1. Any idea which residue in the range 231-255 is farthest from D284 (Cα to Cα), counting only those that are more than 27 Å from the chain's Cα centre (by Cα) and outside any strand (DSSP E or B)?
2. Which condition does S222 not pass, out of (1) surrounded by fewer than 16 Cβ atoms within 10 Å (Cβ to Cβ); (2) in contact with a Leu (Cβ under 9 Å, 6 or more places away or on another chain); (3) closer than 22 Å to G108 by Cα, if it passes all the others?
3. Looking at the range 287-318, which of its residues are surrounded by fewer than 18 Cβ atoms within 10 Å (Cβ to Cβ) and charged (D, E, K, R)?
4. Would you please name the residue that is modelled with the lowest pLDDT, looking only at residues in the range 269-318 that are closer than 25 Å to T124 by Cα and among the small types (G, A, S)?
5. Say we look at the range 118-171 and pick out the residues that are among the aromatic types (F, W, Y) and under 27 Å from A94 (Cβ atoms); which of these is surrounded by the fewest Cβ atoms within 10 Å (Cβ to Cβ)?
6. Please give the number of the condition L88 fails out of (1) of a type outside the set (S, T, Y); (2) modelled with pLDDT under 95; (3) within 21 Å of the chain's Cα centre (by Cα).
7. Identify, from the list T107, T92, T131, the residue that is touching a Pro at 6+ places or on another chain (Cβ under 6 Å), within 29 Å of D51 (Cα to Cα), in the same structural domain as P25 (by TED's automatic domain parsing) and not aromatic (F, W, Y).
8. Is one or more of the residues making up the range 141-158 in a strand (DSSP E or B), of a type outside the set (S, T, Y) and at pLDDT below 95?
Amino acid sequence: MDMKSIVTISSLVLSIGLTAQTLMPNGDMEQWNSYQTGGAQTYNDLGPNQDRTQNFLRTLNAILEAPLTSPSAFRLDAANAYNGNYSLQVVTDAVAGAIIVPGYLGTGDVDIANQTIYLGRPYTQRPLRMTGYYQYAPVSGDSAAFFVELTVYDALNQTKMVLGTGNLVITSAQNAWTQFSVDINYTSQFNPDSINIIMSSSAGYDLVNLQNSAGQIGSALSLDDLSFEFTSSFEETDNANIQVFPNPAADRIQVQVQDINEPVRLRLYNLNGQLVREVRNQADQLSMDLQDLSNGQYILVVQTDFKRIGRQKITVAH
């Protein structure tokens with residue numbers, strides 16, 4: 001579906017493409033797996049699926065398959081996490097001290113067997129922004145970068161059309177967990193068919209040709225609790241996949257969702273579009289306390305970390 005470019009690192013030639021993986025979000029960084037290279041080296045990577053190609057967010061640790069370099073992404077324990085048992089840290093490194101390998105988390109995947117890096121994921125929704133929490137320890141004036149791009153394939157012209165982008169560069173150190181927000185600016189009303197997410201400890205990354213990447217070895221970006229935010233508009237609702245009861249509600253609502261086996265976020269917004277409450281839990285244990293909210297109408301957005309499931313108007317009446 002996507003046009004291919006050449007990516008070169010040392011003697012390894014890689015190209016960029018788009019795969020048809022299943023979305024399996026893991027923005028809370030809680031699920032990890034251990035993988036083994038062809039040379040019997042073992043490395044960890046983010047995601048709940050034993051087949052790493054099925055996981056939504058991934059690192060460049062699979063470059064070890066060559067092998068070319070040491071791991072550039074690491075699991076941090078609860079003492080160093082924003083929330084839960086784990087967070088993730090990506091660190092800029094280098095091959096043979098020369099070719100910069102930026103610390104990276106995103107929708108890319110290294111495929112050594114086919115000499116390809118897949119940067120795109122099939123994706124058909126229109127999030128407003130990407131949010132999460134970060135810490136940053138730059139070396140020698142380095143900067144971190146957050147990037148989101150949503151595209152659709154133009155079959156007539158056989159090109160990729162960019163529908164929306166978001167970009168954020170962090171230029172200063174941050175030792176405490178700090179929230180970030182990357183607004184996505186759309187230039188078209190079309191729905192996308194793919195998405196590319198890049199979060200890097202060095203803003204001078206070049207994933208088309210790693211030999212052109214710039215950054216400082218040792219710059220470290222820690223990440224946790226990543227997710228998309230979706231519109232809270234009252235003009236339209238999409239409740240085919242969710243059931244909310246009771247509604248109207250006095251003290252608490254229960255939510256049932258269909259065919260979801262991963263943690264779900266409940267986000268409740270007021271008439272001004274302000275987030276007033278958020279709950280994250282397993283899909284079979286979803287409820288929200290409403291006791292201290294004012295009477296009136298709200299919009300409930302039900303989603304996983306990166307995919308909206310449904311949206312429902314809620315009336316609070318104590």
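The values are calculated or read from the model by the stated rules, or taken from the named source; none is laboratory data. Quick caveat: nothing in here was measured; it's all calculated off a predicted structure. FYI the Cβ positions are ideal-geometry reconstructions off the backbone, even for glycines, and counts take in every protein chain you see.
1. That would be E235.
2. Every condition holds for S222 apart from (1).
3. D289, D292, K313
4. Among them, the one singled out is A283.
5. F147
6. Failing condition for L88: (2).
7. T92
8. Within the range 141-158, one or more residues are in a strand (DSSP E or B), of a type outside the set (S, T, Y) and at pLDDT below 95.
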